[in-house]
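Peer 1: This structure is in structure tokens; I'll ask about it shortly.
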Amino acid sequence: MFSRIALIAGLVVMALPAVATGIDDAVTDFTLDNGMQVVVIEDHRAPVVQQMVWYKAGSADEPRGASGIAHFLEHLMFKGTDTMAPGELSATVAANGGQDNAFTTYDYTAYYQRVAADRLELMMKMEADRMVNLRLTEKDIETERNVVLEERNQRTENNPRALFREQMNAVQYYNHRYGVPVIGWKHEVEALDLDDALSFYRTYYAPNDAILVVSGDVDPQEVRALAEKYYGAIPANPDLPERVRAQEPPQRAARRLVFRDPRVAQPYVSRSYLAPERDPGAQEKAAALYLLSELLGGGSTSYLTDRLQFRDKLAVYTGAFYSGTSLDDTTFDFVIVPREGVSLQEAEAALDKALADFMREGVDQEMLDRIKLQLRAARIYALDNVDGIASRYGRALSIGLTVEDVKAWPEILQSVTAEQIMAAAREVLRPEVSVTGWLMRDGEMTQ
């Protein structure tokens, strides 16, 4: 059955090589005189454009004691400037039939608007305005701080799984800022003030710390002219600090935690290992780890699913996850949700045995070939999502990768061998760099 499906899918992929190549052929990039990088992704199928501004500053760039300031500033950026009233930017986007939003991660903060193509100049004018002319009051700080605290209450304090993940990260990263939640620790968010917001804004919100990604029905030369007019007029920050962060000391012992909460509906086991990220010009190891995650827990036919769910009937869900799109060392993660009547100890033991068996047996070449085939097909389907392509470039460039790295990534995935995958597995899946956590209900026994 697999051979027939693979043959049909292969014929579909082979029939569209020019289309797949065109994803990256439609990408133009250049840098303004003030240091702002600009990427243009053409897609002329609909008269729509998306503008994204990515700042290379996220929660891991925050000063100690001011956790949450990057996310807090994201909220405050929707306040007014000298020429825009609070909320005017979003109201203008909506009045023009568009959408806008923003998001903060450990490594970057991004803002976007999706509108009709002929509204791009208006969007650039407004976005460039708030890059340099944000005006904040003490009332803005008080109001938005309460909004952020309520967001933390809803998404974290009232969610035992989120609290558990927060503790897992804190135990994995003793020294690096990846161990601090993006939204911030509650007691530190409560103390954030106007000076904190303006200091972060004046330090990082500058064209030489930003990437502009414009995708959709646009002409690169016209985008260049508009970018030079609106963003090019903003001076660079000559005091932009070098992006150097405190790193983790060598992790020499496995770490464990048990998190109990009466609201837990489904106990489960989580395991994370420190793992390398994607590096400019050297993405092969990250590609091997990504394929390893797909082989072990990427779907209904993965190794762990077959073993723990179907064969041994010990789990109702298994998953393995890896994303190397980070500036510093990331994690390789597993989740095992046991069946009713199976203890967390038994689930963890089953995970350990399955991983040991995989390390002994090695990669199933047929499964690897199937995953690579699916990735090739997914790359073609990505043509229908120009917004996703824009995000792919923005994320990568924000953590130091290049346009060439992004273009090379799909072929690097295809070239990874079973031997490289096993070498990466041996390097990363070591007990001494792991954190194992049990999420449990109050009163449950650990055995």
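The values are calculated or read from the model by the stated rules, or taken from the named source; none is laboratory data. Everything numeric here is computed off the predicted structure, so don't read it as measured data. Glycine also receives a Cβ, built like all others from the backbone with ideal geometry; neighbour counts cover every protein chain displayed. For the accessible areas, the whole protein counts, side chains as well, though only heavy atoms, and no ligand, DNA or RNA atoms are used. Shrake-Rupley method; radii C 1.70, N 1.55, O 1.52, S 1.80 Å.
Peer 1: Sort out which residues of segment 169-210 are open to solvent by 50 Å² or more (accessible area, probe 1.4 Å), under 13 Å from residue 59 (Cβ atoms) and hydrophobic (A, V, I, L, M, F, W, C), and write them in order of number.
Peer 2: 185
Peer 1: Now for a different question. How many of the residues making up segment 264-301 are open to solvent by 20 Å² or more (accessible area, probe 1.4 Å), touching an Asp or Glu at 6+ places or on another chain (Cβ under 9 Å) and assigned to a loop (DSSP other than H, G, I, E, B)?
Peer 2: 6
Peer 1: Further, regarding this structure: Counting only residues that are modelled with pLDDT of 95 or more, within 30 Å of residue 215 (Cβ to Cβ) and of a type in the set (Asp, Glu), give me the helices (runs of 4 or more DSSP H) lying completely in segment 112-203 with at least 1 of them.
Peer 2: Correct list: 120-132, 138-152.
Peer 1: Mind listing whichever residues of segment 22-65 are more than 19 Å from the chain's Cα centre (by Cα), open to solvent by less than 10 Å² (accessible area, probe 1.4 Å) and closer than 28 Å to residue 192 by Cβ?
Peer 2: Selection gives 36 alone.
Peer 1: Out of everything in segment 211-247 that is assigned to a helix (DSSP H, G or I) and among the basic types (Lys, Arg), what residue ends up being surrounded by the most Cβ atoms within 10 Å (Cβ to Cβ)?
Peer 2: Residue satisfying both the conditions and the ranking: 224.
Peer 1: Which of the residues belonging to segment 108-158 are closer than 25 Å to residue 42 by Cα, touching a Gly at 6+ places or on another chain (Cβ under 9 Å) and surrounded by fewer than 18 Cβ atoms within 10 Å (Cβ to Cβ)?
Peer 2: Within segment 108-158, 116, 117 meet the criteria.
Peer 1: Something else now. With the requirement that a residue be within 16 Å of residue 229 (Cβ to Cβ) and touching a residue at least 40 places away in the same chain (Cβ under 8 Å), what does segment 120-132 give you?
Peer 2: 120, 121, 123, 124, 125, 126, 127, 128, 129, 131, 132
Peer 1: From 325, 318, which residue is touching a helix residue (DSSP H, G or I) at 6+ places or on another chain (Cβ under 6 Å), more than 15 Å from residue 434 (Cβ to Cβ), assigned to a loop (DSSP other than H, G, I, E, B) and at pLDDT 95 or above?
Peer 2: 325
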